[in-house]
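Here's the structure, in structure tokens; my notes come after.
The values are calculated or read from the model by the stated rules, or taken from the named source; none is laboratory data. Everything quoted here is computed from the prediction, not taken from an experiment. Quick reminder, even Gly has a Cβ in these numbers, built from the backbone with ideal geometry, and neighbours come from all protein chains shown. We work out accessible area using only protein heavy atoms, side chains counted, and drop any ligands, DNA or RNA first. Shrake-Rupley method; radii C 1.70, N 1.55, O 1.52, S 1.80 Å.
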Amino acid sequence: MELQGGEAEMIYAEVEGVLQRHGLEREKLIPILQDVQSKLGYLPKEAMQQISEALRIPEVDVYSVGTFYNQFRLNPPGKHQIKVCMGTACHMMGGHIILESFERRLGIKEGETTPDREFSLERVACVGCCALAPVVVVDEKVEAKVSPIRVDGILLAFEIESKKSGEIEKLVEEEGRTQ
Amino acid sequence: MALDNGIYIPHLCGLRESERPAASCRLCFVEVEGLPNPVTACTLPVSEGMIVHTRTPRVDRLVRTGFELLLSNHRLRCGKCEKNENCELQKIARERGLKLRLSRLRPLTTEVPVDESPKTFKYDPGRCVLCGMCVWVCHHQTKVGAIGFIRRGISRKVAAFGDVPLGESRCTECGECVRVCPVGALTFKEKFWGV
Ligand code: SF4
Ligand code: SF4
Ligand code: FES
Ligand code: FES
């Protein structure tokens, strides 16, 4: 994932802080990763490399832990977070087809974030409304009985919204200029 | 181990040099008199007067199932494999009269690409049995630490940091991992065998 302006410095400073708080023992690796994630929202590669250097362990060992536990994410959360339910009921009702539709439409795989950081896609376990299977949770909103067509609909709505807000911004800007 | 005395116990992951065996392949089961359940031979220190049975119905059942589980996500194509005739899986099958094909389980193989990026060797994740020997030598013998296990469950695999091709990783291409791989997952490219 490309870092945005100033992000590298921010990551470096936050990781330094976390490392200082925990000390540099290998046993602290998991609490360190947890803290870094809660500060940054995810575990950037740069952070994992910095941690591996500080703890003097191979970087692949940090990556190994980071990819093993479900609680860690390796990509920044998108502006809109799409969670596809893969619980038993949703799985039976074709949850993986929905996941694939999102993957195809967004051009990313499950667990990834689009390069513009608009959307992140993940799979989750049962969200508790199996009667509505297959379920997708978009930001906080529950989408019921989702079909591939609905996937297009959900993404289209966001597109229109962002276009609108872009237009409004433009209008406001123009207004500012004419005044 | 029994190997020194000419008794064969199937094993994929046991490394003599390792202090704490990973015991991940689950093929080296034996029954020991006085212990209620079969144990993995690689984690069991020999003691005076110990009576070990390497072939019992319980052991055979465990090994048969463990072996089939390993094959269930293995790209079985021995005729096209560099390790054909020199493969630990084939050896185990021969020693224990097991078949190199699935009878009870569904195949779970996916067509994963072979990593051809290193100059001297290649890595086929579809043939990896996750024994961990390559990871061990890379960490403890060569002290490079380029490869490790990543992810979990069915997506678990041996990879470098960031899951980049090995040729773009910190791998020095020393080839030690290739020498220990018991199967056709890490193999030298044609002209580099034996160097
Ligand atoms: S690694 Fe062994 S069992 Fe697997 S395909 Fe190659 S020769 Fe056959
Ligand atoms: S690549 Fe070979 S040595 Fe490494 S874990 Fe897989 S089977 Fe074992
Ligand atoms: S399985 Fe998807 S909501 Fe329960
Ligand atoms: S050699 Fe004992 S579990 Fe693999």
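In a reduced charge model with +1 at each Lys and Arg Cβ and -1 at each Asp and Glu Cβ, the range B:47-120 shows a dipole moment near 420 debye about its Cα centre.
For chain A, what does the alpha-carbon gyration tensor say about shape, rounded, prolate or oblate, given a ≥ b ≥ c as the root eigenvalues, a/c under 1.5 as rounded, and a/b over b/c as prolate? Here chain A falls in the oblate category. Farthest toward the positive end of the dipole of chain A, out of A:Val138, A:Leu74, A:Ala54, is the Cα of A:Val138, where the dipole comes from beta carbon charges about the Cα centre. Along the axis of the charge dipole computed for the protein assembly as shown (Cβ charges of +1 for Lys and Arg, -1 for Asp and Glu, origin at the Cα centre), the listed residues B:Leu69, B:Val52, A:His96 are led at the positive end by B:Val52.
In the range B:149-180, the residues that give up 20 Å² or more of accessible area when the other protein chains are added, compared with the chain on its own (1.4 Å probe), are B:Phe149, B:Ile150, B:Arg151, B:Arg152, B:Arg156, B:Phe161, B:Gly162, B:Arg170.
Rounded, prolate or oblate: which fits the range A:7-68, taking a ≥ b ≥ c as square roots of the Cα gyration tensor eigenvalues, rounded meaning a/c under 1.5, else prolate when a/b beats b/c? It comes out rounded by the Cα gyration axes. Placing B:Leu186, A:Leu171 in order of accessible area, with the largest value first and a 1.4 Å probe, yields A:Leu171, B:Leu186. For chain A, A:Cys126, A:Cys129, A:Cys130 have no disulfide-compatible partner, since no other Cys C-beta lies under 4.7 Å from theirs. When chains A and B come together, the accessible area they lose, probed at 1.4 Å and totalled over both chains, is close to 1200 Å².
Estimated from the Cβ-Cβ distance and a Förster radius of 30 angstrom, the FRET efficiency linking B:Arg61 and B:Leu108 is about 0.90. Working from label points 7 Å from Cα in the Cα-to-Cβ sense, the A:Asp116 to A:Ile30 distance is 4.0 nm. Dipole magnitude for the range B:2-96: computed about the Cα centre from +1 point charges on Lys and Arg Cβ and -1 point charges on Asp and Glu Cβ, it is near 540 debye. Were the residues from B:Lys91 through B:His53 laid out at 0.36 nm apart, the gain over their Cα-Cα distance would be 11.7 nm. Each Cα pair under 8 Å and six or more residues apart adds its separation to the average, and for the range A:80-178 the resulting relative contact order is 31 percent. Pairs B:Lys91/B:Lys189; B:Lys91/B:Lys119; A:Lys45/B:Lys80; A:Lys79/B:Lys119; B:Lys99/B:Lys157; A:Lys141/A:Lys163: which are spaced more than 32 Å apart, C-alpha to C-alpha? Result: A:Lys45/B:Lys80; A:Lys79/B:Lys119 exceed 32 Å. Give a quick list of GluC sites (Glu not before Pro) in the range B:1-100 that DSSP marks as loop, anything other than H, G, I, E or B, with at most 16 other Cβ atoms within 10 Å. In loop regions of the range B:1-100 (DSSP not H, G, I, E or B), the sparsely surrounded GluC sites (Glu not before Pro) are B:Glu17, B:Glu19, B:Glu33, B:Glu48, B:Glu85. For the range B:53-132, which trypsin sites (Lys or Arg not before Pro) are in a loop by DSSP, counting at most 15 other Cβ atoms within 10 Å? Here the trypsin sites (Lys or Arg not before Pro) that fit, given the DSSP loop and packing criteria, are B:Arg55, B:Arg77, B:Lys99, B:Arg101, B:Arg104, B:Lys119. Computed about the Cα centre, the dipole magnitude for the protein assembly as shown is approximately 1880 debye when only Lys and Arg (+1) and Asp and Glu (-1) carry charge, each at its Cβ. Computed from backbone phi with θ = phi - 60° and the Karplus coefficients 6.51, -1.76 and 1.60, the 3J(HN,Hα) list for the range A:98-107 is 5, 4, 4, 4, 4, 4, 5, 5, 8, x Hz; x is used for glycine and proline. Computed over protein heavy atoms with a 1.4 angstrom probe, the accessible surface ordering of A:Lys170, A:Lys28, B:Lys143, largest first, is B:Lys143, A:Lys170, A:Lys28.
Positive end of the dipole of the range A:80-178 (Cβ unit charges, origin at the Cα centre): among A:Phe158, A:Gly111, A:Val172, the Cα lying farthest that way belongs to A:Gly111.
By the Cβ rule of 4.7 Å, chain B holds the following cysteines without a possible disulfide partner: B:Cys28, B:Cys42, B:Cys78, B:Cys81, B:Cys87, B:Cys128, B:Cys138, B:Cys171, B:Cys174, B:Cys181.
Accessible area ranking (1.4 Å probe, heavy atoms, ligands and nucleic acids excluded), largest first, for B:Tyr8, A:Tyr12, B:Tyr123, A:Tyr69: A:Tyr12, A:Tyr69, B:Tyr8, B:Tyr123.
Surface composition of chain A: carbon plus sulfur atoms hold 53% of the accessible area, using a 1.4 angstrom probe and ignoring ligands, DNA and RNA. The modelled label-to-label distance between B:Ser155 and A:Met10, using points 7 Å beyond Cα along the C-beta direction, is 2.6 nm. The sum of -39500 (n - 2.57) across all DSSP H runs of n ≥ 4, divided by the residue count of the protein assembly as shown, sets its helix-only mean residue ellipticity at 222 nm to -11000 deg cm²/dmol.
Each Cα pair under 8 Å and six or more residues apart adds its separation to the average, and for the range A:3-156 the resulting relative contact order is 19 percent.
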